[in-house]
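K.L.:
One structure, as structure tokens, below. Some questions next.
The values are calculated or read from the model by the stated rules, or taken from the named source; none is laboratory data. Keep in mind the model is a prediction, meaning the values are calculated, not measured. A quick note on method: Cβ atoms are made from the backbone with ideal geometry, for glycine too, and the neighbour counts reach across all protein chains shown. SASA here: full protein model, heavy atoms, side chains in, ligands and nucleic acids out. Shrake-Rupley method; radii C 1.70, N 1.55, O 1.52, S 1.80 Å.
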Amino acid sequence: VPNLQGPRYISPAPNGGFVVSEECGDVKVFMSSRKLLCSLSSKYGHQFGNPAGVCVDVEGSIMVADEQHRTVHLFPEHGAPICLVSSGLRRPVGVACSSLGHLFVADAGENCIKVFKYRVRPP
């Protein structure tokens, strides 16, 4: 996949595609054919500081850790972005999610993993 601006983190998506965070401050979503589907900053009008870790849950929602803003946002396939974590992070660099609705955040600023519940309904 050419023409990325400093690719950093990558995550597979349930539909066979993948998501990539870039140093330039954007996150791009690709289809299984490796064709660009969208840019999250363009699709949602969201301004990233320094996007780092990305993951995609079973519903196709994309989670992005933003090192500069010290947040984690959820980008649903339809609807507006939701800030899942807005405080308590010093340097979020990696994210992963479980099928049970848990969000794992690697916080390099505190040398730990923080666990959050982001979905109340069962899968």
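K.L.:
Select from the stretch 1-37 the residues that are under 20 Å from Ser99 (Cα atoms) and of a type outside the set (Phe, Trp, Tyr) and list them in ascending order.
P.N.:
Of the residues in the stretch 1-37, the ones under 20 Å from Ser99 (Cα atoms) are 10-19.
Selection gives Ile10, Ser11, Pro12, Ala13, Pro14, Asn15, Gly16, Gly17, Val19.
K.L.:
Can you pull out every residue in the stretch 18-49 that is surrounded by 18 or more Cβ atoms within 10 Å (Cβ to Cβ) and not charged (D, E, K, R)?
P.N.:
Across the stretch 18-49, the qualifying residues are Phe18, Val19, Val20, Ser21, Val27, Val29, Phe30, Leu40, His46, Phe48.
K.L.:
Is at least one residue of the stretch 51-64 in contact with a Lys or Arg (Cβ under 9 Å, 6 or more places away or on another chain), aliphatic (A, V, I, L, M), in contact (Cβ under 8 Å) with a residue 12 or more places away in the chain and in a loop (DSSP other than H, G, I, E, B)?
P.N.:
No, the stretch 51-64 has no match at all.
K.L.:
Among Leu84, Leu74, which is within 15 Å of the chain's Cα centre (by Cα), assigned to a strand (DSSP E or B), over 19 Å from Ile10 (Cβ atoms) and not aromatic (Phe, Trp, Tyr)?
P.N.:
Details: Leu74 fails: over 19 Å from Ile10 (Cβ atoms).
So the residue among Leu84, Leu74 that is within 15 Å of the chain's Cα centre (by Cα), assigned to a strand (DSSP E or B), over 19 Å from Ile10 (Cβ atoms) and not aromatic (Phe, Trp, Tyr) is Leu84.
K.L.:
Do you know which residues across the stretch 50-74 are open to solvent by less than 40 Å² (accessible area, probe 1.4 Å) and under 18 Å from Pro7 (Cβ atoms)?
P.N.:
Start the filter on the stretch 50-74 by keeping residues that are open to solvent by less than 40 Å² (accessible area, probe 1.4 Å), which leaves 51-57, 60-67, 71-74.
Selection gives Pro51, Ala52, Gly53, Val54, Cys55, Val56, Ile62, Met63, Val64, Ala65, Asp66, Glu67.
K.L.:
Can I ask one more? Please verify whether the stretch 100-114 includes one or more residues that are in contact with a Cys (Cβ under 6 Å, 6 or more places away or on another chain) and either surrounded by fewer than 19 Cβ atoms within 10 Å (Cβ to Cβ) or outside any loop (DSSP other than H, G, I, E, B) (or both). Reasoning before the result, please.
P.N.:
Start the filter on the stretch 100-114 by keeping residues that are in contact with a Cys (Cβ under 6 Å, 6 or more places away or on another chain), which leaves 103.
Remaining after also requiring either surrounded by fewer than 19 Cβ atoms within 10 Å (Cβ to Cβ) or outside any loop (DSSP other than H, G, I, E, B) (or both): 103.
Yes, the stretch 100-114 has at least one match.
K.L.:
Answer with yes or no whether Pro81 is touching a His at 6+ places or on another chain (Cβ under 8 Å) and either more than 14 Å from Asp57 (Cβ to Cβ) or crowded, with 16+ Cβ neighbours inside 10 Å (or both).
P.N.:
Working: touching a His at 6+ places or on another chain (Cβ under 8 Å): yes; either more than 14 Å from Asp57 (Cβ to Cβ) or crowded, with 16+ Cβ neighbours inside 10 Å (or both): yes.
So Pro81 fits the description; yes.
K.L.:
Also, I was wondering about something else. Exactly one condition in (1) touching a residue at least 24 places away in the same chain (Cβ under 8 Å); (2) within 19 Å of Gly16 (Cα to Cα); (3) hydroxyl-bearing (Ser, Thr, Tyr) is false for Tyr44; which is it?
P.N.:
Here Tyr44 clears every test but (2).
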